[in-house]
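Reviewing the structure listed below.
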Amino acid sequence: MLKKDGHTHTKWSHHGSNQSLEEYIERAIALGFDEYTVSEHAPLPLDFLKNSIGPIDDSAMHWEELNDYQAEVTRLKKKYAAKINIKQGFEIDYIADYEPQIRAFLRDNSDWIDEIVLSVHFMKNRAGQLYGIDYSPELLAEGFKLELANPQELFQRYYATLAQSVEFITGLPQNINIRIGHMTLIRKYQKYFDLPDFDHKIYSTIRDILEMLHNRHYQLDFNAAGISKPYNGEPYPSLDIAKAAHEMGITLVYGSDAHQVQDVGQHFDIIQQAMQSFDKIVHDEQA
Ligand SMILES: [Zn+2]
Ligand SMILES: [Zn+2]
């Protein structure tokens, strides 16, 4: 099995760690990874930055950093070609109402892109205001007070937005790999808010989305970052959904979502074990 870390960040996400991309890649090589996707947050649409409510998470690269980012990833892809296969990527934010700007960015950069992690970090509340869902429990509570009183509505909103993002991303060149990022991110603060399990309607929406991914040959980010998040404690997506996706024939790709060098490859063993257990179950059923 190819050992790949398909979701990683850099100093351009401004999270305090100023470590060089070279250090991340050296770490991945030391851990025995064959393939490594650099997927920094693409710059956010300018109008969105101007209009948005609440604190904007400064985790996306700034527009004036785009050239430096691409030049550095390109340089290291060549430099380390004999040791590790580096994929040039972005984590793309799907933001409702800003589709034209996001589409323009993708069009302008499609020659450079090998892979995209497509993520929903912002969604509209009942009043139609866009709020971040993974910035802090406080901001989620502020933006989605009414929805949190009925968590299935919060989930429904999230999966409706995720389905829109999948519809949105079509039309890119065939050679670009598309992966849906952390598809249960709405549960990031599940222990903080004591969120219930998804009800059967949400599960059936999730199945519909998985069908969409399968039909379009999109992949699924099997994201380990939630495992060590205090209010989450499981991978994104959770194991039952990951198993359903795997059985449908969707390719799951491990992602550390590393924002610092020491997180590269985090919990790879847990994700690998889960993958092996899915295969084992399929095998046993056939036997
Ligand atoms: Zn993300
Ligand atoms: Zn990420």
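Working note: Cα atoms of the range 167-213, range along each principal axis, descending, whole Å: 42, 21, 13. Sequence-ordered 3J(HN,Hα) estimates for the range 158-168 from the Karplus curve with 6.51, -1.76 and 1.60 and θ = phi - 60° stand at 4, 6, 5, 5, 4, 4, 4, 5, 5, 4, 5 Hz, glycine and proline given as x. Take the chain with all the other protein chains still there, run a 1.4 Å probe, and you get 45 Å² of accessible area per residue. Given a Förster radius of 45 Å and the C-beta distance between His62 and Lys191 as r, what FRET efficiency does 1/(1 + (r/R0)^6) yield to the nearest 0.05? That pair, His62 with Lys191, gives E of 0.85.
Here, the range 65-222 yields an orientationally averaged convex hull projection of 10.7 nm² when only Cα atoms define the hull. Using a 1.4 Å probe on the protein heavy atoms, what percent of the accessible area of the range 150-287 belongs to carbon and sulfur? Using a 1.4 Å probe with all protein chains present, the range 150-287 comes out at 48 percent carbon and sulfur. What separates the Cα centres of the range 87-146 and the range 194-234 is a distance of 17 Å.
Using the Cβ-Cβ distance between Leu146 and Tyr203 with R0 = 22 Å, the FRET efficiency computed as 1/(1 + (r/R0)^6) comes to roughly 0.45. Over the chain, the hull volume per residue, using the convex hull of the C-alpha atoms, is 132 Å³. Taking every DSSP helix (H) stretch of at least 4 residues in the chain, weighting each as -39,500 (n - 2.57) and dividing the sum by the residue count yields a mean residue ellipticity at 222 nm of -12500 deg cm²/dmol. The eigenvalues of the Cα gyration tensor, multiplied by 5 and square-rooted, give the range 79-126 an equivalent ellipsoid with semi-axes of 29, 14, 5 Å from largest to smallest.
Determine the alpha carbon to alpha carbon distance for each of Lys124/Lys280; Lys4/Lys229; Lys229/Lys280; Lys83/Lys188; Lys87/Lys243 and list only those over 32 Å. Checking Cα-Cα distances, Lys124/Lys280; Lys83/Lys188 exceed 32 Å. With the convex hull of the Cα atoms taken as the outline of the range 1-146, the averaged projected area works out to 10.0 nm². In this rough spin-label picture, where each label sits 7 Å from Cα along the Cβ direction, the Arg126-Lys3 distance is 5.0 nm.
The values are calculated or read from the model by the stated rules, or taken from the named source; none is laboratory data. Predicted model only: the values in this text are computed from it and were never measured. Please note: Cβ atoms are built from the backbone with ideal geometry, for glycine as well, and neighbour counts cover all protein chains shown. SASA here: full protein model, heavy atoms, side chains in, ligands and nucleic acids out. Shrake-Rupley method; radii C 1.70, N 1.55, O 1.52, S 1.80 Å.
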